[in-house]
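First the structure, in the form of structure tokens, and then the observations on it.
The values are calculated or read from the model by the stated rules, or taken from the named source; none is laboratory data. What you see is a predicted model, and the numbers here were worked out from it, not measured in a lab. We place every Cβ from the backbone using ideal geometry, glycine too, and count neighbours over all the protein chains shown. The protein model used for the area step is the full one, side chains on, heavy atoms only, and it has no ligands, DNA or RNA in it. Shrake-Rupley method; radii C 1.70, N 1.55, O 1.52, S 1.80 Å.
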Amino acid sequence: MTAQTPAHLPKITVRGRALDRQQTEAVVDDAKTELVVAGAGTGKTTTLVGKVKYLVEAKEVPLDRILMISFTNNTVDDLRKAVQEELRCGDASRNVMTIHSLGNMIVDKEAYVADRRARFIKGRLIDLVSDREYYAEQLIEYAKKLTEFPYSGYSMNYEHIAEDSLRETANLLFAHGVPYMYERGNAQNDWKGCVHVADEDGRRVKLGTSVNEVKAVAKNPSGLLSMLREEGFAFDRLGDKELALKLINRWNLRIPNSIGGTISRSKATRVTFDHLIMENEIRNAVDPPLRKSVAGRLDLLHRIYGEYCEQYESNGLVDYEDMIIKATEKLDGGYVPSFRYDHVLVDEYQDVSPILVGLITAMRRRMNFNLFCVGDDWQSIYSFNGGDVSQMYEFGEVWKGWGEPSVHRIETTYRCPKSVAEITNRFVMKNKKQMEKSVKSCRDDKDFRIELLPALYKKDIPEMIGNRLDHLPDNGSIFIIGRTRGDLFAFQFDDRFRYEKNIEKQDLAGTVPMTYRRRVCRLDGTEGAEEMSLKYVTAHSAKGLEADYVFIIADRDGKCFPLTADDDVSALFPRLSEGAELPEERRVFYVAMTRARKRLFIVNHAAKGDSFASDSPFVKEIVSFYPKGFDESTATCAKCGGPMKIKSGENGRFYACAAFPKFCKGSFRPFRGM
């Protein structure tokens, strides 16, 4: 695959800035099929807008013959706005759209998606568990698995409970219909929570982690029940049907959305439930209890899927995947659309699924348009939604029907400084199947630092992050990036960090605005407090975003980077062999690290006496790539090897042992600046 560019390159400007040479070469290439392999922060959106501008102004292609496709409403809105501003044109909604909107332009049916779909699935679940005890049992097992992943830390009552023994206690009480109230701990009582049980007759019991029956509840639940009966409480275990209905009520649309996600993945990847059932029999043959458990839950999913498809078909409804599948079938059946495009540009090509490529192929057979795709396989992190990075790896084979594609690379990052670009390149390319790029920074590196923030315990996470926030400049943007939404709960006990109450009752994905009340030193030497704004984002939600200062919760009790937890139904879907362990997790960590513009902090679950030790193999790798830099930027106590805080004194700022003076008399180190 070769690039086709003229010897003399025109000057093309987007948003007042001239495209660099690699961007310009990609834009002016007239190849029938083109792939632009990009790096993080290299200007993918700028290049796409530049291509549209070049086609309209230099090639005199009418704007209404150009289509730009992306995959989320947010990215489409950004692209549409950029095109309208750059070309000074009116509404570009017919030129920039999601692939699903394009599909539904062709099928023209009622979209039954998001909450509408979830409510439909919820209704089917209620009917099933009410009618048959077997399905009630499977629904209970399904909810239990959700509390392991992705809702780890949640009780069956859909409540985040930090302490394992109290969560087990809450599950036992919930299953017996015993009302309770969970009281969170806080820093003042050493973070210990408790569960309060009360009945209508005024009997009350406070169950804390120090109570023997609570400690033993996972191994001996009857002990706790006996203790409560001795206190005068009367109860019996709920029947499976009653418990299943109670779960559906408490979890609302979350269980239906989880089931809907599996249905979507099945459709997007063309992996049938029959295939999943067969895979379970083969893969889990050596573990009969697991095989039986998975088989039961697959029975539930398969039954829901059958009724789902029947209802959608008979009522003329479509979900997101149907918009693509049915549009492809209609085109392949001879349908000729009323619209026509000469150029189609696809954003985020690394995340396309087989059915998305199928729709673009069917359209291309009808219209024979030029195809321009931009993607970064190093940021392919959506396999759970049907994303298939092999579509990018095998680009030439997929599109060979239109001649040999032209391939360009854009490799100058305008976000990350040199040190981050070099380290992250080396880190992500442990996966040799990925497409080689040499991402270089155009930014001066002298003021950028990467610092480890060692944390021995969960409570150290907000403590260490807060300490650095106290000393950051006032005007910078700040992200705290976690692997999942669950990492947000590390901040629930520290009242300096504030976010929307009851956030744990909401869905797990997305961005959470936060505030931090930081300490400030006034000119007169007294201390005060002020609020600063920041955002907690999951690594997936951070993709496409950037901030001046980024804190990554890189390893919290071994459940962060890399995240190895998976639900045993999703594990049955085929996975691309890429020649490296946990390739997608490696890409997720790469995405998180490459969000930082000015400073990167990595919160590390360290070992006592060694701030550079880590339970995370990813952190170990990063430290091995950059030993001198981490040694210079990460202050450790000379006496105990533990983390150090920044403190202020008469002679300015300095480092002191985090355990000083109560537990360690470790020496101070001079502060070297933020």
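Summary table
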| quantity | calculated |
| --- | --- |
| Part-to-part distance (alpha-carbon centres) for region 459-476 and region 29-88, which is given in Å | 39 Å |
| Computed [θ] at 222 nm, helices only, for the chain once each DSSP H run of length n ≥ 4 contributes -39500 (n - 2.57) | -11500 deg cm²/dmol |
| Å² per residue, accessible surface of region 278-327 at 1.4 Å | 49 Å² |
| Rounded accessible area per residue of region 8-133, 1.4 Å, Å² | 44 Å² |
| Near-label residues of region 283-322 by backbone N, under 13 Å of a point 7 Å along Cα→Cβ of ARG132 | 296-307 |
| Residues of region 390-504: accessible area per residue with a 1.4 Å probe, Å² | 40 Å² |
| At least 18 Å along the helix axis (C-alpha) and Kyte average at least 0.0, DSSP helices within the chain | 44-57, 354-367 |
| Sparse-neighbourhood loop sites, trypsin sites (Lys or Arg not before Pro) in region 322-429 - DSSP loop, at most 14 other Cβ within 10 angstrom | ARG340 |
| Pairwise FRET efficiency - PHE668 versus ASP164, Cβ, R0 = 25 Å, nearest 0.05 | 0.10 |
| Nitroxide proxy distance, nm - points 7 Å out along Cα→Cβ at THR72 and MET105 | 2.3 nm |
| Rel. contact order, % - alpha carbon contacts under 8 angstrom, at least six apart, the chain | 15 percent |
| Extension gain from LYS432 to ILE646, taking 0.36 nm per residue of separation minus the Cα-Cα distance | 73.0 nm |
| Centre separation in Å (Cα based) which lies between region 131-185 and region 335-360 | 43 Å |
| Computed lengthening from ALA114 to THR515, 0.36 nm per intervening residue step minus Cα-Cα distance | 141.4 nm |
| Percent accessible area from carbon and sulfur atoms, the chain, protein chains only, probe 1.4 Å | 47 percent |
| Length-normalised contact order of region 50-174 in % [C-alpha pairs under 8 Å, at least 6 apart] | 14 percent |
| Sequence-separation-based contact order of region 28-123, relative, with Cα cut under 8 Å and 6+ spacing, percent | 24 percent |
| FRET efficiency for ASP201 and LYS459, using Cβ-Cβ distance with R0 set to 30 Å, rounded to 0.05 | 0.20 |
| Highest to lowest packing among 487-499, 174-186, scored as the average C-beta count within 10 Å | 487-499, 174-186 |
